[in-house]
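Only the coordinates and a few stated rules stand behind these numbers; no lab work does. From a predicted model like this one, the values you see are computed outputs, not experimental measurements. In this analysis, Cβ positions are derived from the backbone assuming ideal geometry, glycine residues included, and neighbour counts consider all displayed protein chains.
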Amino acid sequence: MSSRSRIIIAIGAVFATALVAVAAVALLVPRSPVGPAAESTPLPSETATADPEETLAESADGFLADWVEDGRVVRHDQGGDTVSEGQAYGLLIALAADDEESFSEIWSWTTENLQRPDGLLAWRWDDGAIVDDEPASDADVDAARALVVAGETWGDPDFTAAGVALATTVADTMTVETEAGRILLPGLWAAASDPYAYNPSYASPAAFAVLADATGDARWTEVMEGTTAATTALLAESPLPPDWAQVHGDGRVEPMPGAAGTGLSVRYGYDAARLPLRYAEACDPADRSLAAQLAPPLGLTDPLAAELDLGGAAIGQEQHPLGYIARAAARASAADYAGAGADLSAAAQLADRAPTYYGAAWTVIGRAMLETDLYGGCAPMGDDAEPTTTGNTTTGNTTENGDGS
């Protein structure tokens, strides 16, 4: 899910006063129950390497052992709380491990502790109770997708029914029609007014296709088309997508500095980095070409910073596994398989050197999306992978935009 903006206040003698002021403002602004905390890890040393022979299933088993306790995905690096995003990631990772028992435990904990009366998942649980009841649509979509896939994988109609029910409630409450098409809102709070707050990294063509097939609900096909239209519009204006945007009822799409404009600046960061992965696993070549389009701007700097401006320049020096996994997705979509493999290795090294919940989760999920069809998508690095052109030019293992970027 992903991400709440962190505000760091260090104003000497007036620290306490500033902190109270920030808390007061927070009550007046729609809260973003989505995305990770701004985790970061240092660049790994030359001696810190992950096991290159570790299989996807072994990596998934490692996540379940390190981050899951009795069905609860615990953010050990963030105070030991749990978020709906993490539970959804746990379900996807249990699928990668082919571990039906762990999957069942994670879903049982989720239904007992996070599921609201309307069927959606409350965003955050801590110290034995829900502390933020607002649902986050990316978590609910990922969970619904995982349930539908699990039902098919293990022949369990209860999982399928739960996934269909969750997907239907999301379509009912957290999608809206615009002139650009139907879009997925980040949460119930975003439905209040036009323009609508929008998180580009929640757009997941493969997940939407899975849910469309399972539910028979045409709205999921509409969401797939509408969110892709929004993504296309954003990438027509800048080389990289922003963490947050807004979509007007008339179809205009604009980058925003955080949810409801509450962030520090417009940037490509811990949220937006999920977008290349979600489009790289799409089965429609036109969707995958949007991921390939991001390879040049993501290749402008090395080492790759976790946060970039929308042109690809680094904002700060922090590193994060997801940054490299995202670039691997873009490069794989552009048929640069060697570059993609190097980035996956770099991500694994980062995750191994300084483990975090978010980095560990996406190291497994990203690899599953790029290398397998476990989640119902089309793997750009799978055995049947074929080069994807982007409407620009693809030459060997590199893709060059027609505008020279």
The answer for trypsin sites (Lys or Arg not before Pro) in the range 95-183 that fall in a DSSP coil and have at most 10 neighbouring Cβ atoms within 10 Å is none
Taking only the alpha carbons of the range 235-371, the radius of gyration and the largest Cα-Cα distance, Dmax, both in angstrom, are 14.4, 47
In the neighbourhood of Ala314 defined by beta carbon distances under 12 Å, the net charge of the other residues (Lys, Arg +1; Asp, Glu -1) is -3
Scoring only Lys, Arg, Asp and Glu (+1, +1, -1, -1) among other residues with Cβ under 10 Å from the Cβ of Arg182 yields -2
Diffing the range 336-348: the Karplus 3J(HN,Hα) column from phi (6.51, -1.76, 1.60, θ = phi - 60°), in whole Hz with x for Gly and Pro, holds 8, 6, 5, x, 5, x, 5, 5, 5, 5, 4, 4, 5
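Specify whether the C-alpha gyration tensor of the range 61-189 places it in the rounded, prolate or oblate class, a ≥ b ≥ c being the square roots of the eigenvalues: rounded for a/c under 1.5, otherwise prolate if a/b is larger than b/c and oblate if not.
oblate
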Between the alpha carbon centres of the range 264-322 and the range 335-386 the gap in Å comes to 14
Once amide hydrogens are built 1.01 Å from N within the peptide plane, the residues lying 5 or more places from Val68 or on another chain with amide H under 5 Å from its amide H are Val74
